[in-house]
1. What would the Debye formula give as log10 I(q)/I(0) at q = 0.13 Å⁻¹ for the alpha-carbon point model of segment A:4-148, no solvent?
2. Exposure proxy check: A:MET478, B:MET254, A:MET473, A:MET421 ranked by fewest other beta carbons within 10 Å?
3. Using the Kirkwood radius over C-alpha pairs as Rh, can you work out the diffusion coefficient of segment B:13-164 via Stokes-Einstein at 37 °C, viscosity 0.692 mPa s, in µm² per second?
4. Across peptide B:63-70, what mean number of C-beta atoms from other chains lies inside 10 Å of a residue's C-beta?
5. Could you list B:CYS94, B:CYS57 so that the one with the fewest beta carbons within 10 Å of its beta carbon is first and the one with the most is last?
6. Taking every residue in A:438-445, how many Cβ atoms of other protein chains lie within 10 Å of its Cβ, on average?
7. What does the charge add up to near A:ARG475, with Lys and Arg as +1, Asp and Glu as -1, over the other residues with Cβ less than 13 Å from its Cβ?
8. Please report the base-10 log of the normalised intensity I(q)/I(0) for segment B:170-257, using a Debye sum with one equal scatterer per alpha carbon and no solvent, at each q in 0.12, 0.25 (1/Å).
Amino acid sequence: MIDASRYLFLACAVAGRRVAVHVSSGSETLASSDGQAILLPSTVLQDDAGDEQRTWKQVVAQAALIGAGSLQLQLLRRLVGRPDAARRYACLEVLRASRLLAARMPTAFLDLPELRHEHAPPQNAADSLSWALSRRPVPESPAYFGTVRPLMALRKAISEEGWSALTQQQARGEFQHKQPQRQFDDDDATEESALLRLFQNPFAAGNAMAELLNKILGAGTSKGGREKKAGEGAGAELPVGSIERALRRGVHAVLARLPFEVPDIDARGESAGLRYPEWDIHQKKYRPDWAMVEEVEAWRPEGARDLGEVLKPAGHELKRQLGSLGLDHQMHRRQQDGAELDVGRLLDAAIDLATGHSPPSLDVYRASRRTRRDLAIVVGLDISGSTGERSGAGVSVFDRQLQLAYRLGRTLNDLGDTVAMFGFHSWGRNLVRSVRLKGPEERWSACVAERFAQLEPVGYTRTGAAIRHGARMLRTDMRLPNRLLILITDGIAYDQDYETAYAQGDARKALEEARAAGTACVCICVGGSSDADQLRAVFGAANLLIVDEPQQVTTSIRRVCRQALGAVSQRRLQSSTARASR
Amino acid sequence: MVRSTAYIASGKEREIFAAASRNGLPVLLKGPTGCGKTRFVQAMAEALGRPLITVACHEDLTAGDLVGRFLLRGGETVWEDGPLTRAVRDGAICYLDEVVEARADTTVVIHPLADHRRELNVERLGVKLIAPPEFMLVMSYNPGYQSVLKDLKPSTRQRMVSIELRFPSPEIEERILVQETGIDIDNARRLVRLGQAIRQLQHEGLPEAASTRTLVSTALLIKDGVAPQDAAEAAITGPLTDDPVAAKQLLEMMRIYIA
Ligand SMILES: Nc1ncnc2c1ncn2[C@@H]1O[C@H](COP(=O)(O)OP(=O)(O)OP(=O)(O)O)[C@@H](O)[C@H]1O
Ligand SMILES: [Mg+2]
């Protein structure tokens, strides 16, 4: 049996950024990708050793599509409801990508007969699209090329308002968690009766849905979202009716899947994702390996946002406030006084004296000094859909959170601390995503801001998994004596089967685990929180900071972090004295 | 084995280096480990007909280590020139490899040598040596390393002509492999593709990339009869990571890239 996760590096190398590799548990037969994860058909699981060839070829083809920018939203949009054209597009794009990325693709792939074409491939993705939509013949597409699934990629494109609307309705229990009778997917061709049912479904009723439709498919404000562009070549223009149908179908399929019906994946293997337990407060026991966290790279199908205004550096005061955190004792060489002699310096000084020089200073001691500081900090940023809500002032909670996270990370990094940052959101326990913003080893660079600009508030919040994930990074990746986890969130929120008492109980448990392992935890809410009481109950009032604007944290951040760090070191002290007295 | 000093240029680095040397300007070489910095300096020293004195810098390297010191020898104190002083006296190229690693106090001696004064203050001997025109200061530094406060001081940096070396382009790297090891072009291309691919994995817990150096070593092993996959495992994966998960993933890549 094939373990798809073994192709993780292969996929990342060809794609040029972090992607996940999963095996679908659905019945589709072609591989595809949503830009962050490659989804292989479940048939690869039956491949025996002889056929195993098939798997890596699919991985390379999909990764090449990612690497060559084939999954752009404005292009994929045109392929909704057209599985054949989608496949033609994928074929042309794999051919184009293989030339573009030839320098880093396996020779064994480039030498495959299907890749050895005399004809020039399309110049860019837009060319591929018009070619795919036209009647012009397309080279034979072998199965391993896979396809593109516009809906899968569009799923991520529901913009801020759309998501928070959904989240709120869901919160009020207006949406049932039950599955719609029929799920549409990218492999369906249009089907009238199904469409009828679609409109009888309360799911799709109401204005919010119409707006959402516009949002998702970029139809702007024009009524019905018609796309009228003449002269785009034969077949390029769909009859209006069919566009509308595709659009509706698209929305429905997106909705049907989005809240909780993201592609079911069959993840296995050690690098397929990290599994964390969850505490079931009702049963009073852990559910082992319950939540799966996968690490991905930030990616926004519409391209990067302009965050120039948001990501302005913090003022000097924040640096001053954070500067005194986590001071620690350390042995220093070449001191003017101290408890031990620095033998090397002493010899030098003796030689100086012997040769008639007077050493500039007698810095021949080693001494313990209070210095900055072996402090590792992980900032976990909630990027769930609810944060996309706009407040009165017009700046979304999301942007304020981004600003705060960026400033904190940047300032702590400038102070010399080891800083890692990640965003988190989820769609049920099997799809918790940790979006890398800054790795612990990585130096601060413009890449960090670029990743922020690729973030989008979608999905839900599974706080416990985020805490456990951050605490694990601190414990195993960074390994410094003082550890601080800063969670920036708008509430405990919820995820599929992750609500109220259960969610609180699990988050509290995750915090207990982290603190027991010597990690201080602090939670910051920007723009208030409707869950303030819950947060207080979970984090403890002393570890929680609720502010309106990012700059307001300046006055209290030191107190809160200090207190949290102090509490865990106190605990460490107690446990070590307890050990000593035993 | 004959030690080759041939260097295949990627850009204008030879010309810039030569012009800097004619005008008494120090050179700062930037580039990731194993990209050819040392080789480049060797090749230039040879081309310019100057002796080369290389100092590998480390955290405990002091100004005294560079300039020289009195040693105690049976009650006597004897002066011994450090490599920098020797280079100044001999009109050599002095190459301070990984200069950011050195202690901050070394910059005190480097400054007056690096600017228009071109002088070395040998304090302990009470002399100032004026560097002859042939003397040249070259420093290297790897900007990729996470070194919290060890970045070069701007005042030092501004005195330098900087040459940035990167890993060579695929075509040039293929030529390097062929020239350095005599491997055939098909295998060279396979290795270079693998190298290019691994260089995309900056964030997967690999502290460094697969450098030109590691590709050269792999090619040498292959040329010597080691099976390509074993060679790559020994010369690329081994040096790159100790993490078993990452190693397994790399192995999987190699299977596909150079099978
Ligand atoms: N442009 C080049 N021409 C010829 N050989 C090269 C070139 N670049 C790299 N090499 C090969 O790569 C090997 C490693 O290069 P080198 O030792 O110069 O790297 P470096 O940049 O000095 O690394 P470090 O920072 O670790 O000292 C050389 O021995 C040589 O075989
Ligand atoms: Mg070197």
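1. Log10 I(q)/I(0), no solvent term: -0.50.
2. Values: A:MET478 19, B:MET254 26, A:MET473 23, A:MET421 30.
With the sparsest Cβ surroundings first, the list reads A:MET478, A:MET473, B:MET254, A:MET421.
3. Details: Rh = 15.7 Å.
The calculation lands on 209 µm²/s.
4. Values: counts 0, 2, 0, 0, 0, 0, 4, 7.
The per-residue average across the peptide is 2.
5. Details: B:CYS94 26, B:CYS57 20.
Final ranking by Cβ density, sparse to dense: B:CYS57, B:CYS94.
6. On the way: counts 1, 4, 2, 7, 4, 7, 1, 1.
Mean partner shielding for this stretch: 3.
7. On the way: positive: A:ARG468, A:ARG472, A:ARG479, A:ARG483, A:ARG515; negative: A:ASP477, A:GLU513.
Net charge in that neighbourhood comes out at +3.
8. -0.30, -1.29
A short reminder: the numbers here are calculations on the coordinates, not readings from a lab. Predicted, not measured: the structure shown is a model, and the values here were computed from it. Neighbour counts are summed over all protein chains in view; Cβ atoms, including those assigned to glycine, are modelled from backbone coordinates with ideal geometry.
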